[in-house]
Amino acid sequence: MIKYTLLFATLVLLFSCGPREFEPPAEVKEVLELAGDNRTELEKVITHYKEEGNVIKEEAAYFLLGNMKNHGYLEYKLVDSAGNNVDFNVLEYSDYEHLLDGWDEIEDNRGKIHFEKDTFYNDYNEITAGYLIKNIDLAYKAWDENPWAQHLDFDQFCEYILPYRSSNEPIEEWRDYFIKELSWVKDSVKNPSDPIEAACFVNDYIKSWFRFDPRYYEHPTDQGLQEMLNVKLGRCEDMTNLAIYAMRAMGIPVMSDFTPYWANTGNNHAWNAIIGKDGKTVIFMGGEANPGEYELGHKLAKVYRKTFAIQQASLPEKMEKWDKAPPYLNSNSIRDVTDEYVPVQRVKIELTKGIPDSTQFSYLCVFNSGEWKAIDYTRFYGTKATYSKVGLGVAYLPAFYYDNEIVPAADAFILNDTLTIDYKTPNGNDRIALTLYSTTKRITKETTDFIAHAEFNKGKTYILYFWHDKWEEAGRKVAGEGPLIFNSVPSDAIYWLVEDGSRKEERIFTIDENGKQIWW
């Protein structure tokens, strides 16, 4: 009803005011200027809908064009420490453990290797009028004709049905494929107005042929549909994209939410969410678990929602062009939705470590895979920084991002579930003995939350560190049959016990009043 009321009102305005001759919105004109030789293709889309007289589709075209500025296909390359390309095919390894062994073998010969951006193909330079028009027409038809999409207003349609891409994957024709492949869904649902029931049918179909594979953590690009149809394997990003293709093609309003980094283990994660008839979002995992059946397995400090629309509150929209943002926070099409997932608190911090030149933003970091990694940001004033919607029960480090490095801005702290902040400042005048039983508290499972297993290994050397603006060594012990005992260690610190030569997946911990390890 909302949709048709909007359409009627728009048409009344159109015919009462005469031909629609006004200029495209400013953000659309900006993209047209950037498009260069491809400008004609983009203008064809606007002209098409003006001549057709379909105001709703014209506005949909403006939404896509006006928010197209930073969308595109991103290719990465794997390079060694000298910048030379490294050939690496994840499917050459039988499983993730063998892949990691292969990665280590390359690094033994060529030094550290890493992925870096190679080529970015801007959509406004590559996309064709025919592709955009077909996308808009099929998206509108899915919204208009499927009963489970009737609760969506125009803004929701634009964000959760209309976009032609989900991340930085190659542009491909996916709506046609899934409209034909899933034509049976409408006849299968018992409650045609329920998008969640429809989503379950579609997800069961995806589960029948696609599965998660942790080897794709080291795949250089987000897969397009054709590659996923061929290999039938992928990481969580691929799984969320696949669900988005299939469900948006059918007019089912889905999105992808993600945490840049888990707060109590390594890696990160992305998953899907769907808007139900009641307007509430329900999470699920494309190709793995249906709405109502999925639970996130680790601690969340921050959750962001991918959008197609540019978010004016995002970090890239606030910072100067010359400034650089940390990974995952450098997108202008993500929105903070942490409070939809976990209890949160507003945190005020005094930046006590000295502010680097020309620095305007400070960050909150969690400890993940052996490093402090930024998951939140704020513009600070003087030496005071306030962070909004911060997840509870997490160890954080306030930091600056300077010269592509995380630089401590204040002492690390624990934001307790009781809403109290416990700063961890090592006390060298009060030294204690630690009796340690483990390097981590972890459950191993081969799903989208895959994390390598860790335990004491007899005969291996273990190094105890404590955080004091950097990781300082407190001692080394060789593991035997019992616990490891470290004497004369500074109290009231955050500690990290690491097996010598490990991949640094061990977790940080504090010590409670009973000498027990508390994991973070």
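Looking only at the range 499-516, how many residues end up being more than 24 Å from the chain's Cα centre (by Cα) and surrounded by 21 or more Cβ atoms within 10 Å (Cβ to Cβ)?
Going through the range 499-516 one residue at a time, the tally reaches 1.
Please report, ordered by residue number, the helices (runs of 4 or more DSSP H) entirely within the range 108-204 with at least 2 residues that are on the phi < 0 side of the Ramachandran plot and in contact with a strand residue (DSSP E or B) (Cβ under 9 Å, 6 or more places away or on another chain).
123-126, 154-160
Residue under question is I133, and the condition is that it be under 27 Å from Y177 (Cα atoms) and surrounded by 18 or more Cβ atoms within 10 Å (Cβ to Cβ); does it hold?
Against the criterion (under 27 Å from Y177 (Cα atoms) and surrounded by 18 or more Cβ atoms within 10 Å (Cβ to Cβ)), I133 does not qualify.
Starting from residues that are open to solvent by 40 Å² or more (accessible area, probe 1.4 Å) and in a strand (DSSP E or B), keep the ones in the range 340-372 and report whichever is farthest from A313 (Cα to Cα).
Among those that are open to solvent by 40 Å² or more (accessible area, probe 1.4 Å) and in a strand (DSSP E or B), it is E371.
D430 versus (1) more than 18 Å from K353 (Cβ to Cβ); (2) modelled with pLDDT under 95; (3) not aliphatic (A, V, I, L, M): which is the lone unmet condition?
With (1) more than 18 Å from K353 (Cβ to Cβ); (2) modelled with pLDDT under 95; (3) not aliphatic (A, V, I, L, M) applied to D430, the lone miss is (2).
Considering the range 78-90 alone, what residues qualify as being within 27 Å of D123 (Cα to Cα) and buried (at least 17 other Cβ atoms within 10 Å of the Cβ)?
Within the range 78-90, L78, V79 qualify.
Quick one: is Y93 of a type in the set (F, W, Y), open to solvent by 80 Å² or more (accessible area, probe 1.4 Å), under 31 Å from the mean Cα position of the chain (by Cα) and under 23 Å from D222 (Cα atoms)?
No; evaluated as a whole, the condition is false for this residue.
Name the residues in the range 96-126 that are charged (D, E, K, R), open to solvent by less than 40 Å² (accessible area, probe 1.4 Å) and in contact with a Phe, Trp or Tyr (Cβ under 9 Å, 6 or more places away or on another chain), would you?
Once the filter is applied, which keeps residues that are charged (D, E, K, R), open to solvent by less than 40 Å² (accessible area, probe 1.4 Å) and in contact with a Phe, Trp or Tyr (Cβ under 9 Å, 6 or more places away or on another chain), the range 96-126 yields only D123.
Select from the range 393-413 the residues that are more than 20 Å from E350 (Cβ to Cβ) and of a type outside the set (S, T, N, Q) and write down the one among them that is surrounded by the most Cβ atoms within 10 Å (Cβ to Cβ).
Ranking the qualifying residues of the range 393-413, first place goes to G393.
The values are calculated or read from the model by the stated rules, or taken from the named source; none is laboratory data. Everything numeric here is computed off the predicted structure, so don't read it as measured data. Please note: Cβ atoms are built from the backbone with ideal geometry, for glycine as well, and neighbour counts cover all protein chains shown. In case anyone asks, the SASA skips ligands and DNA or RNA and just uses the protein heavy atoms, side chains included. Shrake-Rupley method; radii C 1.70, N 1.55, O 1.52, S 1.80 Å.
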